[in-house]
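What follows is a single structure, written as structure tokens, with notes after it.
The values are calculated or read from the model by the stated rules, or taken from the named source; none is laboratory data. From a predicted model like this one, the values you see are computed outputs, not experimental measurements. As a convention, Cβ positions derive from the backbone with ideal geometry for all residues, glycine included, and neighbour counts pool all protein chains shown. Accessible surface is based on the protein model in full, side chains and every heavy atom, while ligands, DNA and RNA are left aside. Shrake-Rupley method; radii C 1.70, N 1.55, O 1.52, S 1.80 Å.
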Amino acid sequence: MKQRKVLVFMGSPRARGNSTILAEQAAEGAGKAGAEVEMFRLAKMNIGPCLACEGCRKKGAAGCVQKDDMKPVYAKLRAADALIIAGPVYWFSISAQVKLFLDRLYAFGAEDYRPLKGKRIGVILTYGDSDPFTSGAVNALRSFQDAAAFVGAKIEGLVFGSGDKAGDVKSNAALMEDAAELGRILGESRRTKGKS
Ligand SMILES: Cc1cc2nc3c(=O)[nH]c(=O)nc-3n(C[C@H](O)[C@H](O)[C@H](O)COP(=O)(O)O)c2cc1C
């Protein structure tokens with residue numbers, strides 16, 4: 001059995017925010033399932049927007065030209081089996097912190113997105129409205145689905161729910177359990193050929 005590597009990206013600026021709490025649940029689930037888990041607070045990282053300079057596509061380029069906190073993340077993404085991306089709905093879509101991170105994955109386009117192909121993805125979203133449609137959560141979920149399909153990654157689970165004030169999700173036991181279960185699914189060890 002091979003231990004899975006799971007990366008958890010948290011896109012809320014609120015350290016004790018709802019999506020962060022659910023991301024921690026998922027991370028705990030993945031850890032309990034035997035995975036090696038690494039967590040990233042996107043709002044605390046220095047991640048610039050994609051410059052559309054196409055530097056990553058030049059002959060002999062070694063990835064994105066920007067030397068910021070994304071630099072070590074590219075190598076970790078290559079080595080990972082699964083990613084969990086968690087964040088709030090802002091203005092009827094994904095938050096800017098998550099969008100910056102996603103835009104920078106453009107650099108993998110130089111390799112036809114092969115580093116992301118087959119990656120297992122979990123998405124966690126929280127929103128203030130009570131409804132996933134009127135909140136705009138559906139737009140965010142659709143963005144993840146389209147992006148995953150485009151790069152050949154596989155969405156294994158979408159966990160989304162309502163919460164306004166930081167910590168509100170703690171009173172939603174089903175949602176907390178769904179997040180932990182998502183982590184367990186992504187963290188389970190993978191069978192390697194010829195071994196039990
Ligand atoms: C700038 C901003 C924009 C927001 N836009 C929406 C929105 O469009 N729809 C919605 O339902 N909630 C919206 N909210 C509420 C948050 O999505 C909600 O509080 C969520 O639980 C925050 O997640 P967090 O605690 O992980 O930060 C917004 C909050 C902020 C600060």
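Which of the numbered conditions does GLY136 fail, given that it passes all the others? Conditions: (1) open to solvent by less than 40 Å² (accessible area, probe 1.4 Å); (2) on the phi < 0 side of the Ramachandran plot; (3) within 10 Å of the ligand (Cβ to nearest atom).
Tallying (1) open to solvent by less than 40 Å² (accessible area, probe 1.4 Å); (2) on the phi < 0 side of the Ramachandran plot; (3) within 10 Å of the ligand (Cβ to nearest atom), GLY136 fails exactly one: (2).
Answer yes or no as to whether CYS50 is in contact with a helix residue (DSSP H, G or I) (Cβ under 9 Å, 6 or more places away or on another chain), open to solvent by 40 Å² or more (accessible area, probe 1.4 Å) and in a loop (DSSP other than H, G, I, E, B).
On the way: in contact with a helix residue (DSSP H, G or I) (Cβ under 9 Å, 6 or more places away or on another chain): yes; open to solvent by 40 Å² or more (accessible area, probe 1.4 Å): yes; in a loop (DSSP other than H, G, I, E, B): yes.
So CYS50 fits the description; yes.
Can you tell me which of ALA80, ALA61, ALA15 is open to solvent by 10 Å² or more (accessible area, probe 1.4 Å) and under 22 Å from ALA180 (Cα atoms)?
Within the list ALA80, ALA61, ALA15, the selection yields ALA15.
Between ILE124, ILE85, ILE94, which is away from the ligand (no atom under 11 Å from the Cβ) and either surrounded by 17 or more Cβ atoms within 10 Å (Cβ to Cβ) or within 17 Å of PHE9 (Cα to Cα) (or both)?
Checking each option against the conditions leaves just ILE85.
Being exposed (fewer than 14 other Cβ atoms within 10 Å of the Cβ) and basic (Lys, Arg) is the filter; apply it to region 111-121 and report the residue that is farthest from SER19 (Cα to Cα).
ARG114
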